[in-house]
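Read through the structure below, which is laid out as structure tokens, and then see the notes.
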Amino acid sequence: MSEENAARLKRLKTKANKLPKTPGVYIMKNRAGDIIYIGKAKALKNRVTQYFGSGNQHPEKVRRMVENVQDFDFVLCDSEFEALILENSLIKQHQPKYNILLKDDKGYHYIKITADKWRRITASKDTADKKAQYIGPYYSGYVVKDTVDEAIKVFRLPDCNRSFDKPSKPCLNFHIGRCDAPCRGKMSLEDYNESVNAAIAFIKNGPGEDTVEAMVKRMEEAAENLNFEYAAKLRDRINAIKKLSEKQKVVMCTYRSQDVFASVSGNGTVCVGVLIFRNSRLTDKKVFFIDGDYKKDELYGEFLRRYYDGQSDIPGRILLDCEISENELLSQWLSSLSGRKTEILCAYRGEPKTLVEMCAKNAAENLAQRLNRTAGQTAAVAALKEALALPRDPEIIEAYDISNTGGDQNVAGMVVFRGGKPYRKHYKLFKIKGFSGQDDYRSMAEVLDRRFAEHQKGADEGFAALPDLILLDGAAGQISAVLPVMSKYNLNIPVFGMVKDGRHRTRAIATTGDDIEIKGNRALFTFITSVQDEVHRFAVSYHRKKRSGKMLGSTLLSCEGVGEKTAAALMRHFKTVAAIKKASVEELCSVKGVSAKAARSIRGYFDGK
């Protein structure tokens, strides 16, 4: 730390120590006097001094903000609730750089009915086509797309760009009963328009019981009038609506009005998913991407204030995937905005837990697409951070395992996972050199020592990047063995063990205290199992190779005319023991350094002569 920076922090901390321990709002400013962060506190002195204390391990976002703070102002309030109201107002006015700002640039969405001869129903983001008919506006693009898709499926309308004035061969949708295929030239414009008009009415009124009853009545009338073709069409529509209603029950809930929140993080980005239920039905979903690493308590405390500030549609219940410290305060604030009681709950069991898990799955999928990885990998990294209370996402994970047979051919393997995926380019193998015999603790310490010594040299790309997390195949003993190594290199990297049960299956994550059970978290359990299996496979395969090489070397050396150099030459040439066993005398002699006598001796040994 430079002298100038140290003096700045000392000056700011001295000023912060003079603040009262009362509620208020603090306003951080940069060198130019611009407001870069606004926060509230129950006790100003306690909160603000934390920013400028020595040795604090701030998250990356907070650290960057503190580096730019040159001064701060404050406003005293009578209560924490009053401070929350003032904080929201000031953030809205100044839009500080380091506050969570939920900028929504989606705009409005519409359902468009074109003015073509053969009208089409599509989703649209504007009303630029003045000849077209529009239904809307809608705030959610998800709602619009889902509604259009439902209407097209129920009324078997085309979703292609074909011309229907000239007959053509129908596509797959016709053959699977998804489209009436006006492209065949066998459907009149009048019948087509009847389907479009029915779809428009369906969009406006929804798939309610009234809609079905009206269709049933028309179907019966058509059958009585012997118009069986039209009656069959209405029957298919009724069945489609009933199937749609059954599908919608999957995304229905018993609580009438609620919002569900879940978040996942990866590669310095947080994705917050929101599922919006109104009238007990899922009506919308949203995702927000926020740069930085956050603890969920801190994230939701600020996110919910930004999300609901200025909204009129506030539900009676909000479900979260964790407990938050500001639960009571935020509930009070939301109730004051909505004019009725709004509660914030952590979903532990039953339907609420199911809804939160569905929301988390959607958030993981959206973040995975953004980071170009699978949803499972994203969810695993997020679950690992949460379970181990890590300061940031473990984007780079190194795992180690020792393999030997009674202390013989003592080796170790290091595997690397990046973003939840194996990164085989940086896998490493080690032969234990510091001692002979079996001692997994000393072996693990030696391997980690050599790994970080190579990092300091900077010559090997595979050792260049330090991991965010180290996983050892073993329990507390292995962890204790390597902690002195971490201190030796002044490294603050979290180290945990991977514990197996009596049947050699992954059971828990080991710490120097109590184990962390992981079987209840499928994503985390699956990921840790894959890491443990991979590092075990890698280490054991190296051990077997060394062991087989030693056994072969011992066998070859017992043959007359074969020394260490000859044995090594044979292995370089034939690669495997099996290949040497199958080689003829002539093939053995073709290897440089192998005499005819040695070749006959080797061949005789393997032939049992």
Show the residue pairs meeting these rules: Cβ distance below 7 Å; 6+ apart or different chains; first residue within the range 528-553 and within 20 Å of T378 (Cα to Cα); second residue of a type in the set (S, T, Y) and at pLDDT below 90.
I528/T506; T529/T506; Q532/T506
Listed by first then second residue, the pairs whose first member lies in the range 190-218 and is modelled with pLDDT of 80 or more, whose partner is of a type in the set (D, E), with beta carbons under 8 Å and at least 6 positions apart or on separate chains, are Y192/D180; S195/D180
Report, ordered by the first and then the second residue, all pairs with beta carbons closer than 6 Å, sequence separation of six or more or different chains, a first member in the range 168-187 that is free of Cβ contacts under 8 Å to residues at least 24 places away in the same chain, and a second member that is not hydrophobic (A, V, I, L, M, F, W, C) and not in a loop (DSSP other than H, G, I, E, B).
P170/R184; C179/N173
So, A568, is that one modelled with pLDDT of 80 or more, surrounded by 13 or more Cβ atoms within 10 Å (Cβ to Cβ) and part of a helix (DSSP H, G or I) or not?
no
With the requirement that a residue be under 15 Å from A569 (Cα atoms) and surrounded by 13 or more Cβ atoms within 10 Å (Cβ to Cβ), what does the range 594-609 give you?
V594, S595, A598, A599, I602
Which members of the range 113-156 meet the condition of being in a loop (DSSP other than H, G, I, E, B) and either within 29 Å of A231 (Cα to Cα) or in contact (Cβ under 8 Å) with a residue 60 or more places away in the chain (or both)?
T114, A115, D116, K117, W118, R119, R120, Y139, S140, F155, R156
Residues in the range 89-97: is at least one surrounded by 18 or more Cβ atoms within 10 Å (Cβ to Cβ) and not in a helix (DSSP H, G or I)?
yes
Which one of these does G434 not meet: (1) over 23 Å from N410 (Cα atoms); (2) touching a helix residue (DSSP H, G or I) at 6+ places or on another chain (Cβ under 7 Å); (3) surrounded by fewer than 19 Cβ atoms within 10 Å (Cβ to Cβ)?
(1)
Output the residues belonging to the range 268-279 that are at pLDDT 80 or above and not aromatic (F, W, Y).
G268, T269, V270, C271, V272, G273, V274, L275, I276, R278
With the range 452-539 as the region, which strands (runs of 3 or more DSSP E) entirely inside it contain at least 1 residues that are surrounded by 15 or more Cβ atoms within 10 Å (Cβ to Cβ) and of a type in the set (F, W, Y)?
495-500
Take the residues of the range 48-63 that are closer than 18 Å to Y98 by Cα and assigned to a loop (DSSP other than H, G, I, E, B): which is modelled with the lowest pLDDT?
Q57
Do we find that P391 is of a type outside the set (F, W, Y) and either assigned to a helix (DSSP H, G or I) or surrounded by 18 or more Cβ atoms within 10 Å (Cβ to Cβ) (or both) in this structure?
no
Enumeration of residues in the range 132-141 that are modelled with pLDDT of 70 or more and either of a type in the set (D, E) or more than 23 Å from D116 (Cα to Cα) (or both):
G141
Scan the range 596-606 and give yes if some residue there is of a type in the set (A, V, I, L, M, F, W, C), on the phi < 0 side of the Ramachandran plot and in a loop (DSSP other than H, G, I, E, B), otherwise no.
no
Taking the range 185-199, which residues are closer than 15 Å to L234 by Cβ and β-branched (V, I, T)?
none
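The values are calculated or read from the model by the stated rules, or taken from the named source; none is laboratory data. Small disclaimer: the values here were computed from a predicted structure and weren't measured. Methodologically, a virtual Cβ is constructed for each residue, glycine included, from the backbone with ideal geometry; neighbour enumeration extends over all protein chains shown.
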